[in-house]
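What follows is a set of notes on a single structure, which appears directly below.
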Amino acid sequence: MMKGQGISVARRLFYLRIIAANEYARVGEEIRVGDGLEIGRDISCALVLHDDSVSRRHARVEQGPDGLHVVDLGSGNGVWVGTERVKDVVLRPGQRCTIGSTVFEVCEEVPVMAAAAATAATLLVNRSAIDLSELSAPDEPATQAVGFVVRVVVGGEIVMRGQEFIVDGPEVTIGRGADCGIILDERDVSRRSAKFEVVPEGFLVTDLGGSRFDVVKAVVAHRGAPYVALSPTRA
């Protein structure tokens, strides 16, 4: 946890998801990394892969500020990112690596508030508990951030996980239409799906009648502030 003037801010956490494997039943399995884990064929590893192409102690994975730090522990067949064999790499959300016949994707934990997204037409989400004005230097006037960032945490067919949209004003409309501030060119996104608006209490999310806004979920963050999660979905 990061702390400032008695205020605790949760750090970003990442985990692994198996998206391909020789053990088909494990596809979709999610592995929490915690303070770090080893991957290998040996039963002493936190994540055991039953694969002859995997070394007994193949790789170690640890949390990093921007993703997962993967280190090859001297394996015979290596750790691969695409067609490149790597010994030490930081993988960000959406990036993949291959160990033996298992392909892993790095995912980011969605903050708790994302799970509480409402199905109502309007949703108010409080800002982070941190007050930016309290972090200002004593001789600097407190300023209120207006712009914010919308970051995709679950992608679609075209809009990719991790893609960010910088909003300079206090509000933005999201949808497939060319008149939207953020254009999500996905076939299952309505022309005008939703509006994100900065209000004194936090973020106001208004459903504009989009029928399938759950295709691309978003995380909204004030610039320089911890992420505030918004997942406005419809039943």
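Applied to segment 182-188, the Karplus parametrisation 6.51 cos²θ - 1.76 cosθ + 1.60 on θ = phi - 60° returns per-residue 3J(HN,Hα) values of 10, 9, 9, 7, 10, 5, 9 Hz, with x for Gly and Pro. Potential lengthening of the chain between residue 19 and residue 89 amounts to 23.3 nm, from the contour at 0.36 nm per residue minus the alpha-carbon distance.
Which trypsin sites (Lys or Arg not before Pro) from segment 56-89 combine a DSSP loop assignment with at most 15 other Cβ atoms within 10 Å? Display every interim value, and only then the final one.
Working: sites: 56, 57, 60, 85, 87; in loops: 56, 57, 87.
Passing both the DSSP loop test and the Cβ count: 56, 87.
Taken together, the values in this text are just the output of simple stated rules run on the coordinates, not laboratory data. Predicted model only: the values in this text are computed from it and were never measured. Because the Cβ atoms are built from the backbone with ideal geometry, glycine has one as well, and the counts that use them run over all protein chains shown.
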